[in-house]
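Beneath this line is the structure, given in structure tokens, with notes to follow.
No lab work stands behind these numbers, since they all come straight from the coordinates. Please read these numbers as outputs of a predicted model, since none were measured by experiment. Note that we place each Cβ from the backbone using ideal geometry, even for glycine, and neighbour counts take in every protein chain shown.
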Amino acid sequence: MTTESGKRVRLGRIVGLYGVQGWVKLESWTEPRIQIFRYQPWLLSAPGVEKEIGGINGRAQGKGLVAYLPGIEDREQAAALIGCEITVARDQLPAPAGDEFYWTDLEGLEVVTLENEVLGRISHLFATGANDVMVVRNDERERLIPYVRGPYVHSIDLSAGRVVVDWDPEF
């Protein structure tokens, strides 16, 4: 995938209710978590639900985040949004610094070895305590390749849609 202007980026989801006046609890995948409120408007989406909302008011509450969504006035309306993913337009995010990349920009890229053997495409990435991991899939298998620049990831070319890795194809 490239960074086309229509691309949406998942930033979190609505996970519960807070109070009786339409506030919701959020799970944020931004770093830091509170950063999710910087990017608006949100597109909330789930099966049967798609709603764009701007002017969101949110804050940290205990160990989580809560938000007031304009137009959502009571607990019943808020309950209908539980499970909705929160996405924003990709172009709302600031440009990554230097040789950094957003995970969403890496998803879908072809992964090849130093010998130009195709391993598959990046399905998604996930964080571990030590480093991030690329999940690379092809028709036959799935590989978990550490996203560590230098030892494993040698180059990333978004315009060519390719990531070159130092990885044994048999592993």
Note to self: C-alpha centroids of region 113-171 and region 22-85 sit apart, in Å, by 33
Qualifying lysines (Cα of each under 27 Å from Cα of K7; at least 8 residues distant if same chain): K25, K51
Please state the shape class of region 103-165: rounded when a/c is under 1.5, otherwise prolate if a/b exceeds b/c and oblate if not, all from the C-alpha gyration tensor. rounded
Classify region 8-91 as rounded, prolate or oblate from the Cα gyration tensor: take a ≥ b ≥ c as the square roots of its eigenvalues, call it rounded if a/c is under 1.5, otherwise prolate when a/b beats b/c and oblate if not. oblate
Yeah, the chain with a ≥ b ≥ c from its alpha-carbon gyration tensor (a/c under 1.5 is rounded, else prolate when a/b outruns b/c, oblate otherwise) is prolate
Sorted by Cβ neighbour density within 10 Å, fewest at the top, the residues T113, T104: T113, T104
